[in-house]
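Student: Can you keep this structure in mind? I'll have questions shortly.
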């Protein structure tokens, strides 16, 4: 295995074009700060697309659900306190459904991509990814009446959207860093097999940067989903393509790294030739 230090005569690469194989490979030979800047810019682009998608898909359902809340309702001591026993469909569109089902033996089914159902002792979330039941914490008191929710939602409506977009962007960057860490050692071995100059840290940066180009595809998929051009299954497929695109960049980008060159110890350094003098000549006075 080659030493960690790259070849001194390898040209420096500045990754100002992170969408190309050469640009992704350039992150292996640049600073962590440059990678952080590009990664967060790409993730914020996806977060903005996700915020736009939430605004056009979930927000209309939430706005329609609040006026249908009763005068008195809450979750207290781990149980739902609702004035009626019959299931209530607060809001329903093709993207989001909000259901209150106080009866433990009744089921309302699912009609949207994502459904939140308030049950007597749990909040049930179902979607294409599966089903999960979240029990109410015993120490939580959550009002569900219109007089409490309506002013709270009016005050926090834009902040909730910005917070959700920012959290998604941070989660996406965390996913890229983790995937880059997983790929660091395999990429280091791969670069050694290719006889390319790279360090373990550089391979980590390269593996992380490999997922940046696919962010554009992910952002486009979110916008098409909010426009009704893609289904939730199609959006999940776009996410898988985003991951596959990152793996392809991680595989082909090392070919763009400079080759590793080691100076031979048997190569003598060239010396300037000694001046030729005439042995029969005389020195000038």
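Student: Fewest first, what order do 183, 235 take by the number of other Cβ atoms within 10 Å? Spell out each step's value before the answer.
Tutor: Values: 183 22, 235 18.
Listed from fewest to most nearby Cβ atoms, that is 235, 183.
Student: How much length is gained on full extension from residue 224 to residue 94, taking 0.36 nm per residue of separation minus their Cα-Cα distance?
Tutor: On the way: separation 130, 0.36 × 130 = 46.80 nm, distance 1.45 nm.
Separation in residues times 0.36 nm, less the Cα-Cα distance, equals 45.4 nm.
Student: Kindly identify segment 74-171 as rounded, prolate or oblate by the Cα gyration tensor criterion: order the square roots of the eigenvalues as a ≥ b ≥ c, call it rounded if a/c is under 1.5, otherwise compare a/b with b/c, prolate if a/b is larger, else oblate.
Tutor: oblate
Student: Calculate, for residue 142 and residue 236, the FRET efficiency according to 1/(1 + (r/R0)^6) with r their C-beta to C-beta distance and R0 25 Å; round to the nearest 0.05. List each step's numbers first, then the result.
Tutor: Working: r = 30 Å, r/R0 = 1.21.
Calculated transfer efficiency: 0.25.
Student: Please state the relative contact order of segment 70-144 as a whole percent: Cα pairs under 8 Å, 6+ residues apart? Display every interim value, and only then the final one.
Tutor: Numbers: 168 pairs, mean separation 24.8, N = 75.
Reported as a whole number, the value is 33 percent.
Student: Could you give the length gained by full extension between residue 77 and residue 175, i.e. 0.36 nm per residue of separation minus their alpha carbon distance, to one decimal place? Walk me through the numbers before you get to the answer.
Tutor: Values: separation 98, 0.36 × 98 = 35.28 nm, distance 3.58 nm.
Here the segment from residue 77 to residue 175 would lengthen by 31.7 nm.
Student: By what distance, in whole Å, do the Cα atoms of segment 133-192 stretch along each of the three principal axes, largest value first?
Tutor: 66, 29, 16
All of the numbers you see were taken from the coordinates with simple rules; none came from a lab. These figures come from a predicted structure and were not determined experimentally. Every residue, glycine as well, gets a Cβ built from its backbone with ideal geometry; the counts of neighbours run over all protein chains shown.
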